[in-house]
1. From the list 33, 21, exactly one residue is in contact with a Cys (Cβ under 8 Å, 6 or more places away or on another chain), of a type in the set (Lys, Arg) and either outside any strand (DSSP E or B) or loosely packed, with under 14 Cβ neighbours inside 10 Å (or both). Which is it?
2. Would you be able to tell me the number of residues in the range 74-100 that are open to solvent by 60 Å² or more (accessible area, probe 1.4 Å), outside any loop (DSSP other than H, G, I, E, B) and at pLDDT 90 or above?
3. How many residues are in a loop (DSSP other than H, G, I, E, B) and open to solvent by 80 Å² or more (accessible area, probe 1.4 Å) when one looks only at the range 39-66?
Amino acid sequence: MQDTFTKESFQCNRYCGECCKKLAVRVGKEDIKNIRKLGYKEEDFLERELLYIHKYVLKRDKNGCILLQKHKDGKYSCIIYNNRPKTCQNYPFFVKKRIE
(Lines give C-alpha, C1' and ligand atoms only; values in the text may rest on other atoms or scores of the structure.)
Protein backbone atom coordinates (compact mmCIF):
# COMPACT_ATOMS: atom_id res chain seq x y z
CA MET A 1 0.00 0.00 0.00
CA GLN A 2 1.29 3.43 -0.97
CA ASP A 3 1.60 6.17 1.66
CA THR A 4 -0.67 9.14 1.03
CA PHE A 5 0.29 12.62 2.06
CA THR A 6 -1.00 16.12 1.55
CA LYS A 7 0.68 19.51 1.42
CA GLU A 8 -0.08 19.86 5.10
CA SER A 9 1.36 16.48 6.08
CA PHE A 10 4.31 16.29 3.69
CA GLN A 11 7.65 16.45 5.50
CA CYS A 12 10.60 17.28 3.29
CA ASN A 13 14.04 16.09 4.30
CA ARG A 14 15.46 19.30 2.96
CA TYR A 15 19.03 18.04 3.09
CA CYS A 16 18.81 14.85 1.00
CA GLY A 17 18.70 16.63 -2.38
CA GLU A 18 16.98 13.71 -4.10
CA CYS A 19 14.48 15.92 -5.94
CA CYS A 20 17.31 18.13 -7.23
CA LYS A 21 19.34 15.11 -8.31
CA LYS A 22 16.53 13.50 -10.29
CA LEU A 23 14.23 16.16 -11.71
CA ALA A 24 14.71 18.73 -14.45
CA VAL A 25 13.16 21.97 -13.23
CA ARG A 26 11.30 24.09 -15.75
CA VAL A 27 11.56 27.78 -14.96
CA GLY A 28 9.37 30.68 -15.99
CA LYS A 29 10.17 34.30 -16.71
CA GLU A 30 9.61 35.34 -13.08
CA ASP A 31 11.91 32.56 -11.80
CA ILE A 32 14.62 33.62 -14.26
CA LYS A 33 14.26 37.25 -13.21
CA ASN A 34 14.54 36.33 -9.51
CA ILE A 35 17.67 34.23 -10.05
CA ARG A 36 19.27 36.99 -12.13
CA LYS A 37 18.63 39.44 -9.26
CA LEU A 38 20.86 37.20 -7.12
CA GLY A 39 23.75 37.97 -9.48
CA TYR A 40 23.67 34.86 -11.68
CA LYS A 41 23.98 35.15 -15.45
CA GLU A 42 21.43 33.20 -17.50
CA GLU A 43 24.12 31.22 -19.30
CA ASP A 44 25.36 29.98 -15.91
CA PHE A 45 22.06 28.49 -14.69
CA LEU A 46 19.74 28.14 -17.67
CA GLU A 47 19.40 25.85 -20.68
CA ARG A 48 16.71 25.22 -23.29
CA GLU A 49 14.40 22.33 -22.69
CA LEU A 50 15.05 19.65 -25.29
CA LEU A 51 11.47 19.26 -26.52
CA TYR A 52 10.32 22.89 -26.44
CA ILE A 53 12.48 25.61 -27.96
CA HIS A 54 10.87 28.44 -25.94
CA LYS A 55 10.94 26.65 -22.56
CA TYR A 56 13.86 26.64 -20.15
CA VAL A 57 15.11 24.42 -17.35
CA LEU A 58 17.78 24.84 -14.71
CA LYS A 59 21.12 23.53 -15.88
CA ARG A 60 22.13 20.09 -14.71
CA ASP A 61 25.39 18.23 -14.47
CA LYS A 62 26.16 14.60 -13.59
CA ASN A 63 25.07 15.28 -9.98
CA GLY A 64 21.77 17.00 -10.79
CA CYS A 65 20.79 20.66 -10.59
CA ILE A 66 23.81 22.95 -10.68
CA LEU A 67 22.33 24.93 -7.79
CA LEU A 68 22.53 21.90 -5.50
CA GLN A 69 25.51 22.00 -3.17
CA LYS A 70 26.95 19.03 -1.26
CA HIS A 71 28.36 19.82 2.17
CA LYS A 72 31.25 18.14 3.99
CA ASP A 73 28.78 16.32 6.27
CA GLY A 74 27.18 14.64 3.22
CA LYS A 75 24.03 16.76 3.31
CA TYR A 76 22.79 18.75 0.33
CA SER A 77 21.17 22.15 0.02
CA CYS A 78 20.01 24.55 -2.65
CA ILE A 79 22.27 27.57 -2.85
CA ILE A 80 19.27 29.78 -3.72
CA TYR A 81 16.75 28.06 -1.42
CA ASN A 82 14.94 31.25 -0.33
CA ASN A 83 14.62 32.29 -3.99
CA ARG A 84 14.12 28.87 -5.60
CA PRO A 85 11.75 28.54 -8.60
CA LYS A 86 8.02 27.96 -8.12
CA THR A 87 8.37 24.35 -9.28
CA CYS A 88 10.81 23.69 -6.44
CA GLN A 89 8.59 25.46 -3.92
CA ASN A 90 5.61 23.31 -4.92
CA TYR A 91 7.47 19.99 -4.97
CA PRO A 92 6.11 17.27 -4.88
CA PHE A 93 2.65 18.72 -5.60
CA PHE A 94 2.01 19.73 -9.20
CA VAL A 95 -1.47 20.49 -10.56
CA LYS A 96 -3.27 17.86 -8.48
CA LYS A 97 -0.62 15.28 -9.28
CA ARG A 98 2.10 14.08 -6.99
CA ILE A 99 5.61 13.22 -8.10
CA GLU A 100 6.86 9.99 -6.53
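The values are calculated or read from the model by the stated rules, or taken from the named source; none is laboratory data. Keep in mind the model is a prediction, meaning the values are calculated, not measured. Reconstructed Cβ throughout: ideal geometry from the backbone, glycine too, with neighbour counts over all protein chains shown. Please note that ligands, DNA and RNA were not included when accessible areas were found on the heavy atoms of the full protein model with its side chains. Shrake-Rupley method; radii C 1.70, N 1.55, O 1.52, S 1.80 Å.
1. Values: 33 fails: in contact with a Cys (Cβ under 8 Å, 6 or more places away or on another chain).
Being in contact with a Cys (Cβ under 8 Å, 6 or more places away or on another chain), of a type in the set (Lys, Arg) and either outside any strand (DSSP E or B) or loosely packed, with under 14 Cβ neighbours inside 10 Å (or both) holds for just one of 33, 21, which is 21.
2. Qualifying residue count, the range 74-100: 4.
3. As a first pass, look at the range 39-66 and keep what is in a loop (DSSP other than H, G, I, E, B): 39-41, 49-55, 59, 62-63, 66.
Retained after the next criterion (residues that are open to solvent by 80 Å² or more (accessible area, probe 1.4 Å)): 41, 50-55, 62-63.
Number of matching residues: 9.
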